[in-house]
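Have a look at the structure below before the remarks.
Laboratory data are not the source of any read-out in this text; all were calculated from the coordinates shown. Everything quoted here is computed from the prediction, not taken from an experiment. So basically every Cβ, Gly included, is an ideal-geometry build from the backbone, and we count neighbours across all protein chains shown.
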């Protein structure tokens, strides 16, 4: 908590708006699927592929930019890479069966949900009081992913709507997460130079004392 807070004060989070853009895009995709659940398999495959490619590349950029600011940036990088790879596979193979398509989607959603839970705990360490909402989004997303992977052939239309709901939950998480990052960035910038200097000195004293005890 102390190290996290010190880093946030000295070097505010970069590109907090990237998760916001990704979240809005995912919400739009979910609305499209809800509105047209009977679309052809190829149409759905291309739609999901584009969303995965866009989301994955954006998350890679965000994680690399904040590798020195977020302890769990590796999660963002990992599911950004995996999401991009799966998006590329779907683009190259738009004729996948529904079972194969849902397996890919379920895997991505599950991995992203685990990462979401990790980010919720990261936000908690920053002192945010709203980390519980992020944790809830991650848990709900993981439940949906398990349902998709458990029986992807389950009731055709129902499983498509379940995927749409998963995209909606993932999008809402990204939007809420980005707003929490923006709040942290705003508060960090309001810190006076004197207070920042005191924190830096405290950090240095802590490190020196810790080294002496090792």
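The table for this structure:
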{"item": "Residue exposure sequence - 15, 68 - by fewest surrounding Cβ within 10 Å", "result": "68, 15"}
{"item": "Footprinting exposure proxy for 48, 25 (fewest neighbouring C-beta atoms within 10 Å first)", "result": "25, 48"}
